[in-house]
Every structure is written in structure tokens, then in C-alpha cells.
Amino acid sequence: MTRLTETSPPRPAVPRRLPLPRPVRRGLSVLRRAARRAARSGYSHWRRSIQLRVVTTTLVLSAIVVAILGVFLTQQMSTALMEGKTKAALLQLEEGLAQVQRDLNGQTDSDQRLKEVADRLKTRSGPSGLYEVYIRDTTEESYDGLATTDLRSESVPGRMREELRREPPGARLYTYGTLTYKWRQPAPGLIVGGTTSRYELYYLFPLTQEQHTLTLISRSLVGVGVVLVLLLAAIASLVTRQVVIPVRLAAQGAQRLAAGRLEERMRVRGEDDLAKLARSFNEMAANLQEKIQELEDLSQVQRQFVSDVSHELRTPLTTIRIAADMLYEHRDTFDDPAVGRSAELLQSQLERFESLLADLLEISRHDAGAATLDAESLDMRDLVLRCVGDIQDLAERKGSKIVLQLPGEPCTAEVDRRRVERILRNLLVNAVEHGEGEDIVVSVAADRDAVAVAVRDHGVGLKPGEGQMVFDRFWRADPARARTTGGTGLGLAISKEDAQLHGGWLQAWGEPGAGSQFRLSLPRVAGDELRGSPLPLVPPGAGGPRQLYAELEAGE
């Protein structure tokens, strides 16, 4: 015997979807992009405009309320109309039953006789309007009559007939159904029926006119609702406009005030709350302008005082300097060693005093906006090597070694030689002073738009938040720490001003016990906007989870 194996029926082939033509795909892509742009624009306008939100909310809520009222009114009108129609139909049925009882009582029944009575009942006018009449003999299934040959007897629902058979004579019923015709389309209708001792009488009322009336009412309600909603939206727009425009003007005035236009004022109209807002805004602007003017005057006086004092001190300082130099040169001839030591101290403090005066003059120029940039194209590597050579002796005395990390290709940029060298010397001296005798790493890098120099030490470092405070004037991380290099406390402040004059950045990073790093970033072309730096602010391998914090603090 051969065993038959069952095989699965072959799967029907799935029709492969053909790709759309390229122009169609391109058109659909354009439509999708346009829809996204429109949606983003609409959402952005929705978020920015109070008036649009108020009008849209009013429009939506009004539409919901009008729709609910429209449905309720339509339902009430439909119910009232159908109740009136039903009452009139039942009255017509009562008269018809009485007429059937008179005309068919004791007479011979036939289809023709029933049809004649039905025709007479149909021709009688009544308050219920047009209708059809159907009479049926309950004792003879074949005896029934219709007042028209167009209407089918199936228009009377079978369940209504069964219900009338179960009811005692004199029962009255009505229902809604569909009237079917031989040569016309079916139509909704009201069917009322009643019984006598032998006959069933049905009145069939087409509801075409009532349906048309309800349709007209519904359309009228929809039209009135749409107009009402639009009118409410227009009213809401006008009302909110009276409130939004003064608020918008106040916002624009505040923006101009924040931009420095202190003479900005709002127009005051009326005596309402918006007028109070305008008056309060004007008073605030006037007070702010007055206080800022006072601060500007005070700042101007301070800058002028610093500049005047710095200039006036130069004349007596020159005289003192001559006398101090003479004493310093003859300090070995004094009999008392203390006098010689005093001459040395006087000499060192005079040098620091001169540096302080020079820094005060320089910072006053920055404050007055009188600092200028004498830019020329220079290689940053040469400037770094020159500054490192200047402080090499100091680094050796402190026990620090300066490690250079210079690229092989030139790092040229349009810079002011004097100012950049001053920045680098300040950074190197600061690193040596706080480097605790560890190595000082100086890195130089460049990209297409910027050059950068980073000075890294491994000393005491900086606490969180001190990365910005180091550039404050006369700020010191540790006030108890003695200055061994005679700094004035203005070096880093002047360095940051010089960096900003170039359009660059001077930033600091540090961690307690892990050292610190100062980074100077300058654009290659003077005046260009600086978008990034070729060197990271946080040195590789340092910072850990604090790196993101440091970069955010530095403004990158």
C-alpha cells in the first residue's frame, strides 16, 4: 500500500504594489512638507497670540453649545410635529371607524364593496392631510380593500395586524413605518389602525411633507448656528482686541526698554485698568531711567577719578622713583643693615605701585571704551615662545617646568601683539604662582575659524563657581595666601577685557587639588564672530562628571 501524504495547498500570490511615479512621489513629498510647515506655523502663532487662543476657544465652545441647542430644538420640533400629526390621525381614524360601521353593517361583503367604502373614506377631507385607506375583513382573508391601486398592502406592518387581532374590538394603535408603492419610491409614513367587531381599518399617512419641513428647519438651524458662531467669534475678537492691543504695546515697550531705549513710554487713554497699567509702566520706565542715569553718572565719576588719580600720581611717583633708585644703588654703603633692607623693600613696592598705576590706567581705558586694537597677522606659536622665555626664570625659581605642546603648522591670526602677550604673561605667571612646583602645560591649536592657547597647571585648583570669579577685579581665591610675584589683582580682569576686545573668550576651569586650566580663544580674523574653540576647556582625563557643568558655566 502506498501512503498518501498530505500537502498544503499553494498560497495565493500576493499582488505586488507598484511604486508611484516619480512626479507623484515628488508632489506628495512637497504636500507633506507644506502641511508640516503650515502646522508648525499655526502652532507657533497659536502659542504667541492670546487673541487667537481666545477667539478659537470661543469659536469651539460656541459651536458645541449651538450644536447641542440645535439638536435639542430639532428634537423638540420633531416631537411636537409628530404628536400633532398623530392626534389628527387618530381623530380621522375614529371618524372612519364610525363610517365603516354604518356602511358595512349587515351588507354583503366583497372586495369591490370594501374598495368603494375605502374610496369614500379617502375622499373625505380632514385635518390630518393626505392619506391612504385600507380596510380588511377579519373573517375572510381574501376580503380587503385599498383606496388606491398604487399602495401595497404590505405597507401595514404584520406586527401591527397581529397586535390588533389580540386586542378586543375598539382598540386603536399607531406606529411609524415605510409605505411601499408599486410605481413610486418608498416613503416614511404614519400608520394608525383600529378594529370594529368584524373589520380592521388602517389609515396610512405619508410623512414626506413633515420630513421636508424638518429638513428645512434643520438647515435653517444650521445656518443660523453658523452665523451665530461666526458673530460670537467676531465679537470675541473685537473684545479681546481691546485688551490684547494695550498688553501687546506694553510688551513691545518693555522689550525696547530692555534693549536700552530708556525714553520709551506708553500712551495713556482713559481711566480703566489698562490706563493704570500704562501709567505704572511709564512711572517704572521713568524711575529706571533716572536710576540708570545716576549709576552711569556715578560710574563716569569713578572712571574719571581713577584716570585722574592715575595720571596725577605719575609726577610724584617719578620723583619718588628717582630717590628710591638712588637709595637702592647705595644700599650697601649704609652702616645699618636695616636701612639697606628698607631700600630694597621700597624699590620692590615702587615697582608694584607702578604696575598698579599702569593697570588702573589700562582698565580705565576699557571702562571708558577708549581701548583700541592694533591688529596684525601673527603666529601664535611665536608669541607663546616669547612669553614662555620671559617667565622661564620665575618658573625655575618656583620649581616648575613648562611643557609646550605646539602644532607643526602655523597658527596665524589677526591680533594685537601687546595685548595678547600681556594675556599670555598673566596666565603663565598665574599658573606658576599657583602651580605648587608642578609642570605647566601650554597647548596651542587652530582650526579654520579660530586659534586657542590653553595654560594648564596642577596646583591647588579652583572651587565650583570660582571659574568666573577669577576674572573679577582684585579677587583672590585664598586671601591668606601671600603674593610672591607682586601681582596687582587686575591682571586677569584686564586680560579678559583684552580678549573680548579681540572678539574672543578667556575662560577658566579648575577643581580643588586637580589644578586649573585657562583657555584663550581668538578668531582668526579680527571682528569675526567666535563660534567655537579648537581646544577643550576641560583638559583630557580631568573633570569627570564636572566637565558638563564647567562647559555650561563657561557659556559654551
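The values are calculated or read from the model by the stated rules, or taken from the named source; none is laboratory data. Not measured: the values here are computed from a predicted model. Note that each Cβ is placed from the backbone with ideal geometry, even for glycine, and that neighbours are counted across all protein chains shown. Surface areas here come from the heavy atoms of the whole protein model, side chains and all, with no ligands, DNA or RNA. Shrake-Rupley method; radii C 1.70, N 1.55, O 1.52, S 1.80 Å.
Take the residues in the range 256-265 that are outside any helix (DSSP H, G or I) and open to solvent by less than 70 Å² (accessible area, probe 1.4 Å); name whichever of them is nearest to residue 241 (Cα to Cα). Before you say what the answer is, go through the steps one by one.
Within the range 256-265, the first condition is being outside any helix (DSSP H, G or I), and the residues that meet it are 259-265.
From what's left, open to solvent by less than 70 Å² (accessible area, probe 1.4 Å): 260, 262, 264.
Details: 260: 28, 262: 27, 264: 22 Å.
Within the range 256-265, the match that is nearest to residue 241 (Cα to Cα) is 264.
Somewhere in the range 191-205, is a residue over 60 Å from the mean Cα position of the chain (by Cα), over 21 Å from residue 96 (Cβ atoms) and either polar (S, T, N, Q) or open to solvent by 70 Å² or more (accessible area, probe 1.4 Å) (or both)? Can you show your working first?
Our first condition is that a residue be over 60 Å from the mean Cα position of the chain (by Cα); within the range 191-205, this holds for 191-205.
If we keep only those that are over 21 Å from residue 96 (Cβ atoms) as well, we get none.
There is no residue in the range 191-205 that is over 60 Å from the mean Cα position of the chain (by Cα), over 21 Å from residue 96 (Cβ atoms) and either polar (S, T, N, Q) or open to solvent by 70 Å² or more (accessible area, probe 1.4 Å) (or both).
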**Message:** Restricting to the range 266-294, name every residue that is open to solvent by 90 Å² or more (accessible area, probe 1.4 Å) and under 15 Å from residue 249 (Cβ atoms).
**Reply:** 267, 269, 273, 276, 284
**Request:** Output the number of the condition that residue 210 fails; it satisfies all remaining conditions of (1) farther than 30 Å from residue 83 by Cα; (2) of a type outside the set (A, V, I, L, M); (3) surrounded by 14 or more Cβ atoms within 10 Å (Cβ to Cβ).
**Result:** (1)
**Request:** Take the residues in the range 66-88 that are open to solvent by 80 Å² or more (accessible area, probe 1.4 Å) and either β-branched (Val, Ile, Thr) or touching a Pro at 6+ places or on another chain (Cβ under 7 Å) (or both), then tell me which one is nearest to residue 215 (Cα to Cα).
**Result:** 71
**Item:** Residues that are open to solvent by 10 Å² or more (accessible area, probe 1.4 Å) and under 27 Å from residue 382 (Cβ atoms), drawn from the range 446-469
**Value:** 446, 447, 448, 449, 456, 458
**Message:** Here's a check for you: in the range 147-181, which residue that is of a type outside the set (S, T, N, Q), touching a Lys or Arg at 6+ places or on another chain (Cβ under 7 Å) and open to solvent by less than 80 Å² (accessible area, probe 1.4 Å) is modelled with the highest pLDDT?
**Reply:** 181
**Request:** Check off (1) in contact with a helix residue (DSSP H, G or I) (Cβ under 9 Å, 6 or more places away or on another chain); (2) farther than 30 Å from residue 99 by Cα for residue 227 and give me the number that stays unchecked.
**Result:** (1)
**Message:** Among the residues of the range 368-390, what is the count of those that are open to solvent by less than 50 Å² (accessible area, probe 1.4 Å) and within 19 Å of residue 494 (Cα to Cα)?
**Reply:** 5
**Complete:** When residue 429 is run through (1) open to solvent by 20 Å² or more (accessible area, probe 1.4 Å); (2) farther than 20 Å from residue 508 by Cα, the failure sits at (2)
**Asked** Any residue in the range 244-253 that is small (Gly, Ala, Ser), modelled with pLDDT of 85 or more and open to solvent by less than 70 Å² (accessible area, probe 1.4 Å)?
**Response** no
**Message:** List pairs: first residue in the range 53-65 and acidic (Asp, Glu), second residue surrounded by fewer than 18 Cβ atoms within 10 Å (Cβ to Cβ) anywhere in the structure, Cβ distance under 8 angstrom, at least six positions apart or on different chains.
**Reply:** none
**Prompt:** Is it fair to say residue 210 is charged (D, E, K, R), in contact with a Leu (Cβ under 8 Å, 6 or more places away or on another chain) and farther than 30 Å from residue 76 by Cα?
**Reply:** no
**Request:** Within the range 31-61, work out how many residues are open to solvent by 50 Å² or more (accessible area, probe 1.4 Å) and over 18 Å from residue 232 (Cβ atoms).
**Result:** 15
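Please determine, by comparing only the residues of the range 216-234 that are closer than 14 Å to residue 77 by Cβ and open to solvent by less than 50 Å² (accessible area, probe 1.4 Å), which one is farthest from the chain's Cα centre (by Cα).
To start, the set of residues in the range 216-234 that are closer than 14 Å to residue 77 by Cβ comprises 216-222, 224.
Restricting the remaining residues to those that are open to solvent by less than 50 Å² (accessible area, probe 1.4 Å) gives 217-218, 221.
Details: 217: 45, 218: 42, 221: 39 Å.
Of everything passing the filter in the range 216-234, 217 is farthest from the chain's Cα centre (by Cα).
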**Request:** Look at residue 277 and say whether it is without any contact (Cβ under 8 Å) to a residue 60 or more places away in the chain and under 30 Å from residue 79 (Cα atoms).
**Result:** no
